[in-house]
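Colleague: Structure below; questions to follow.
Laboratory data are not the source of any read-out in this text; all were calculated from the coordinates shown. Everything quoted here is computed from the prediction, not taken from an experiment. Don't worry about glycine lacking a Cβ; one is built from the backbone with ideal geometry, like all the others, and counts go over all protein chains shown.
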Amino acid sequence: MIIECAQCQAQVDAEEVAEYEKRDPDHGPPERYYFLRCSRCSGPILACQTDYGQGWEEPHKLYPAENIGVDPLLPEPIRGAYVEALTCFRAQAYTASALMCRKTLEGVCVEHEGTGGNLKAKLASLKERGIIEARLFEWADALRLAGNDAAHDVRVSFSWEDARDIIEFTSALLDYLFTFRARFDEFKRRRASGG
């Protein structure tokens with residue numbers, strides 16, 4: 001089975017050691033669990049496939065957990081919302097994950113004193129003030145729209161791929177606004193002081 005190994009940080013053709021299929025209509029859709037051995041490092045991988053009625057989806061890794069870090073320097077409300085988005089993603093609650101990414105975006109606007117009556121206007125105010133540039137505004141607005149769909153359209157559900165992209169774009173936005181900006185300011189201070 002082709003799957004990502006966290007240890008090797010690469011796609012590998014993992015060897016199947018054991019398989020278990022769960023079929024219990026009273027407790028969700030059919031699932032297949034795979035215990036795998038990485039073909040490169042021999043590390044263990046636990047993966048799962050789900051059949052929501054349209055055939056088996058692509059397997060996703062349960063263990064080791066996705067290695068998506070959260071900067072401890074993020075302001076607490078933003079960090080809390082983003083951690084919850086990651087928790088939802090890991091629990092396969094992909095629509096909830098998209099919704100929590102939107103809430104994270106709301107927190108970014110509060111932290112940077114975005115103005116306006118709705119999230120779209122607040123993001124536009126951040127762009128006008130130069131806090132985010134055009135490409136980041138485009139990403140943030142796409143996250144806003146995805147979050148709106150998650151919150152307001154009961155017919156919309158998110159795939160693993162869409163949720164992963166939403167998580168990664170949110171992470172990039174947080175990195176730019178908080179992590180890299182702080183690191184760059186520190187770099188400038190060191191250079192100015194001759195260190």
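Colleague: Amide H neighbours of L62 under 5 Å, counting only residues 5+ apart in sequence or on other chains, H built in-plane at 1.01 Å?
Modeller: L46, A47, C48
Colleague: Okay, next question. Provide the per-residue ³J(HN,Hα) series for region 80-88, in order, calculated from phi with Karplus coefficients 6.51, -1.76, 1.60 and θ = phi - 60°, each as a whole number of Hz, with x at glycine and proline positions.
Modeller: Each residue's phi maps through the Karplus curve to give x, 5, 5, 4, 5, 4, 5, 4, 4 Hz.
Colleague: Of the peptides 178-188, 40-50, 76-86, 96-106, how do they stack up when ordered by the mean number of other Cβ atoms within 10 Å, highest first?
Modeller: 96-106, 76-86, 40-50, 178-188
Colleague: For K127, list the lysines whose Cα falls under 21 Å from its own Cα; do not include residues on the same chain fewer than 8 positions away.
Modeller: By straight Cα distance, K127 reaches K103.
Colleague: Let me ask something else. Report, in deg cm²/dmol and to the nearest 500, the calculated mean residue ellipticity at 222 nm for the chain, where each DSSP H run with n ≥ 4 adds -39500 (n - 2.57) and the sum is divided by the residue count. Provide the component values of the computation, followed by the final result.
Modeller: Numbers: 6 runs with 89 residues, N = 195.
So the helix-based figure for the chain works out to -15000 deg cm²/dmol.
Colleague: How charged is the neighbourhood of G55? Take every other residue with its Cβ under 14 Å from the Cβ of G55, and add Lys/Arg as +1 and Asp/Glu as -1. Spell out each step's value before the answer.
Modeller: Details: positive: R32; negative: E31, D51, E57, E58.
Local charge sum for G55: -3.
Colleague: While we're looking at this one, here's another question. Between E168 and E58, what is the spin-label point distance in nm, taking each point 7 Å from the Cα along the Cα→C-beta axis?
Modeller: About 1.0 nm, to one decimal.
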